[in-house]
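Bear in mind that the values in this text are calculations on the coordinates, not laboratory data. Remember, predicted model here, so these are calculated numbers, not experimental data. Virtual Cβ from ideal backbone geometry, glycine too; neighbours counted across all protein chains shown.
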Amino acid sequence: MGIKADVWIREKALKGMIEPFESAQVRKGVISYGLSSYGYDIRVADEFRVFTNINSTVIDPKAFDPNSFITVKGNSCIIPPNSFALARTIEYFRIPDNVITVCLGKSTYARCGIIINVTPFEPGWEGHVTLEISNTTPLPAKIYANEGIAQVLFFEGDTPCEVSYKAKQGKYMGQTGVTLPRL
């Protein structure tokens, strides 16, 4: 980027790219979130979908059964050992046509065996981000709602992409809430 990353993000956010936008890192007593040195630390909302085997469902991305999950709403969520949950960000993103992002889990969670996977936010995409949270440990793991969970890094191209996510009518365009797999 030709300008300082935090200045670039602040300028874009003021144009509605990230809402709500926290212009400084919030860290006192919480897992940090908000504008960081070269990215933006996102927060996890208070609704989680935790995998369960109560219904003995097969996970099939082409025919996903919503009964594979139980819904947990609250200030925290316990993910069972060697299990998985979906959640969403508090922040709503509007990605410009010349920007793509990469999202990585925060080290506080990674050091506890919690892996956050998020696919790139493509140029032209907008919505709440669905977060994939894996507990790789043999112990239950606690996730804190309304606190930081991952960092988004932004990469700006010199020109807009040829076909944006919006232009190709991507299936996750404008998603809100925890969004399950779609075909």
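Compute the acute angle (0 to 90°) between the alpha-carbon long axis of helix 5-14 and the principal axis of greatest extent of the alpha-carbon atoms of the chain; round to the nearest 10°.
Long axis of 5-14 versus the principal axis of the chain: about 80 degrees.
Using DSSP to define loop residues, name the chymotrypsin sites (Phe, Trp or Tyr not before Pro) in the stretch 2-58 whose beta-carbon has at most 15 other beta-carbon atoms within 10 Å.
Answer in residue order: 38.
May I ask you to compute the full-extension gain from residue 62 to residue 136, defined as 0.36 nm times their residue separation minus their alpha-carbon distance, rounded to one decimal in nm?
24.1 nm is the gain from fully extending residue 62 to residue 136.
Quick one: check the C-alpha center-to-center distance for the stretch 52-67 versus the stretch 136-178, whole angstrom.
With the stretch 52-67 and the stretch 136-178 each reduced to a Cα centre, they are spaced 23 Å.
Take the Cβ-Cβ distance between residue 163 and residue 115 as r, set R0 to 30 Å, and report the resulting FRET efficiency rounded to the nearest 0.05.
0.45
Percent of alpha carbon pairs in the stretch 10-58 separated by more than 14 Å?
Summing the P(r) of the stretch 10-58 above 14 Å gives 62 percent of all pairs.
Rounded to the nearest 500, what is the 222 nm mean residue ellipticity of the chain from helices alone, with -39500 (n - 2.57) per DSSP H run of 4+ residues and division by all residues?
Result for the chain, helices only: -2000 deg cm²/dmol.
If the stretch 70-150 were replaced by its equivalent ellipsoid, with semi-axes equal to the square roots of 5 times the Cα gyration tensor eigenvalues, what would those be, largest first, whole Å?
Gyration-tensor ellipsoid for the stretch 70-150: 25, 14, 10 Å.
Hey, what did the stretch 114-179 get for relative contact order, percent, Cα under 8 Å, at least 6 apart?
Worked out over the stretch 114-179, it gives 48 percent.
Say we join alpha carbon atoms closer than 10 Å with springs in a Gaussian network model of the chain; which of 103, 112, 77 then has the biggest fluctuation?
Result for the chain, Cα springs under 10 Å: 112 fluctuates most.
Can you pull out the trypsin sites (Lys or Arg not before Pro) in the stretch 41-124 that DSSP calls coil and that have at most 10 other Cβ atoms within 10 Å?
62, 111
By its C-alpha gyration tensor, with a ≥ b ≥ c as the square roots of the eigenvalues, how is the chain shaped: rounded for a/c under 1.5, else prolate for a/b larger than b/c, else oblate?
oblate
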